[in-house]
Amino acid sequence: MRNVLEWLEERSATMGDTPAVCDIHGQLTFAQLQERASQVGTWVASQVVPRTPVALYLEKSTQCLAAMLGAVYARCFYSVLDVRQPADRLASIMATLQPGLVLTDDANFDRAQEMLGCHGVPIVRISDIGCRVDQEVLSALRASALDIDPLYVNFTSGSTGVPKGVAVAHRSVIDFIGHFTSIFGITSQDRIGNQAPFDFDVSVKDIYSCLATGATMHLIPREYFSQPTLLMDFLCDRQITTCTWAVSAMCFVSIMGGFDYRVPTTINKVIFSGEVMPPKQLAKWRRALPDATYVNVYGPTEITCNCTYHVVERDYAKDEVIPAGKAFPNEQVFLLDGDTLVTNPGEHGEVCVAGTCLALGYYNDPVRTAEAFVPNPLSPQVMELMYRTGDLGMWNEEGQLVYVGRKDHQIKHMGQRIELGEIEAVAAGFDGVEQACCIYDHKKKRISMFFAGVLSEDELRDALAGKLPHYMVPGQMVRLDALPLTKNGKVDRTALAAIKPKGAR
């Protein structure tokens, strides 16, 4: 197998009348999804040459998925743009991506013209694309396709402020999804509750698990994750079985009392990622859905979704960190201190990954690609690349990877090296604290703690002083109703850094 469309075509041939993807407006069966994707692909192939990026400017929907796969039928690759992004960031992405086309829907067409029209790229309504399928053209494109052709480009934040476009090939997705669906038992009987937007790589697990197995994907509207009753009604009424969600989405349910309103008893698989899961929030899920399987998965966009997993089989104490676990098959995960292998339990090293899972690199950005995708110093005899994640980890006594924090969240304060993640984990373990995040002001040499919960600032400071050395106790405490989140569901540290506490100058 060398192209993800083979999954779609097999599903269409064997279970064509089964719903493939559903949103709140309607659904597409596997046969309808293949037909519409083929129509879009025929048209795209008449407009651009193979391996051209095609941008999509619309919310996730059945129509969006058909257009994404339509780009793939044309032997192109897709990049979904967040319609809520500011103009400057979109301009930066467009400059890097240089797409041949922008596809949008009726609801976003005017805004697409306003935000993207200056880039000189044709902007086309998907509804204006006709219904003709030229199978001869599509077959010729498939015959020339390679498994290392790019499938998608997802843009992530860059430390310089310039977004990085992570280009991932068919081969990497095919390899990962085969293991992912097998290990976690995803089948045609599953109903996947999609939380992640299509420009976020968590959605890759939903989309291609659906195509690979014949499961049905239900697209949960973004706004439901601020309205707990709507979300719980959706999960229950749609009889969702599988949630592959960001940690923050799970915490939204448990913190906002979603289970007190209604319990979606059909859920039997909960796979979470993106940030460290607070054990007390996971405990609420396990109490509400005790028979479900819970899995912590870890890994950055650059290694095709995830590189390790840990099946949760016990309760964790409030101050424990749930392990990131062991490597997925066909992925090598190891820790390096410089170029030296770290193997002793408890010692910290940078998490590095090698294998088929690696992205092709950062699109149109050879300099940053060369900085992160580097020769593996453990295999000097051959040209084997690895990806330096920038994450710090350690092995526990059971040989499982434990996420420690970001290298760029490791600070030198009062002469001591400090992991901000350690302070956050201790704070999140206290009763009365729901979420916690630390920011370090290098200019003022001050650690600031932002948290949500019922404790006061003074109460949390006193509690931390009883658990941490004095140099790790934040000098500034700020209690918020909720921590701001990025569109990908992670704590928005930039937004926190911009908050000016009461009384601050």
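The values are calculated or read from the model by the stated rules, or taken from the named source; none is laboratory data. Quick caveat, the model's predicted, so the values are computed rather than measured. Methodologically, a virtual Cβ is constructed for each residue, glycine included, from the backbone with ideal geometry; neighbour enumeration extends over all protein chains shown. SASA here: full protein model, heavy atoms, side chains in, ligands and nucleic acids out. Shrake-Rupley method; radii C 1.70, N 1.55, O 1.52, S 1.80 Å.
Annotations for the structure displayed:
- DSSP-assigned coil residues among GluC sites (Glu not before Pro) in segment 310-371, each with at most 14 further Cβ atoms within 10 Å: E313, E320, E347
- Per-residue SASA entry for R368, accessible area with 1.4 Å probe, Å² rounded to 10: 40
- Sequence-distant residues sharing a close amide H with V166 (under 5 Å, placed H): N154, F155, T156, Y363
- In Hz, Karplus ³J(HN,Hα) per residue of segment 404-412 (6.51, -1.76, 1.60; θ = phi - 60°; x = Gly, Pro): 9, x, 8, 4, 7, 9, 8, 10, 10
- Overall form of segment 265-321 per C-alpha gyration tensor (a/c, 1.5; a/b vs b/c): oblate
- Candidate aspartates and glutamates for bridging to K487, where Cα separation is under 15 Å - those fewer than 8 sequence places away on the same chain excluded: E59, D82, D199, D201, E223, E275
- Relative contact order (%) - the chain, alpha-carbon pairs under 8 angstrom, separation at least six: 10
- Working from Cα pairs under 8 Å separated by at least six residues, relative contact order for segment 321-414 is 32 percent.
- Helical runs (DSSP H, four residues minimum) scored at -39500 (n - 2.57) apiece and divided by the length of the chain put the mean residue ellipticity at 222 nm at -9000 deg cm²/dmol.
- Gyration tensor verdict on segment 463-505 (Cα atoms; rounded if a/c is under 1.5, prolate if a/b is larger than b/c, oblate otherwise): oblate
- Over all other residues within a Cβ to Cβ distance under 14 Å of T187, the charged ones net out to +2, with Lys and Arg as +1 and Asp and Glu as -1.
- Projected label distance in nm at N344 and T18, using a 7 Å step from Cα toward the beta-carbon: 5.2
- DSSP-loop trypsin sites (Lys or Arg not before Pro) across segment 1-48, with at most 16 other Cβ within 10 angstrom: R2
- Solvent-accessible area, 1.4 Å probe, carbon plus sulfur percent, for the chain: 49
- Each Lys or Arg adds one and each Asp or Glu subtracts one; over the other residues with Cβ under 12 Å from the Cβ of L336, this totals -3.
- Counting only DSSP beta bridges with both residues in the chain, the antiparallel share comes to about 60 percent.
- Estimated vicinal HN-Hα couplings, Hz - segment 337-352 in sequence order (Karplus 6.51, -1.76, 1.60; Gly, Pro = x): 10, x, 10, 9, 5, 9, 10, 6, x, x, 7, 8, x, 7, 6, 10
- For segment 143-243, the fraction of C-alpha pairs farther apart than 18 angstrom is 56 percent.
- Coupling constants for segment 367-372 follow from the phi torsions by the Karplus curve (6.51 cos²θ - 1.76 cosθ + 1.60, θ = phi - 60°), and in residue order they are 5, 6, 4, 5, 6, 9 Hz; glycine and proline get x.
- Close amide H partners of L480, meaning residues 5 or more places away or on another chain with modelled amide H under 5 Å apart, are F451, A452, G453.
- For R446, the residues whose amide H sits under 5 Å from its own are D441, ignoring neighbours fewer than 5 places away on the same chain, with H placed 1.01 Å from N.
- Gyration tensor verdict on the chain (Cα atoms; rounded if a/c is under 1.5, prolate if a/b is larger than b/c, oblate otherwise): prolate
- Computed with a 1.4 Å probe over protein heavy atoms only, the accessible surface of the chain comes to 42 Å² per residue.
- Candidate membrane-span-like segments in the chain, meaning DSSP H helices with Cα atoms spread over at least 18 Å of their own axis and a Kyte-Doolittle mean of -0.5 or above, are 30-45, 170-183, with no membrane implied.
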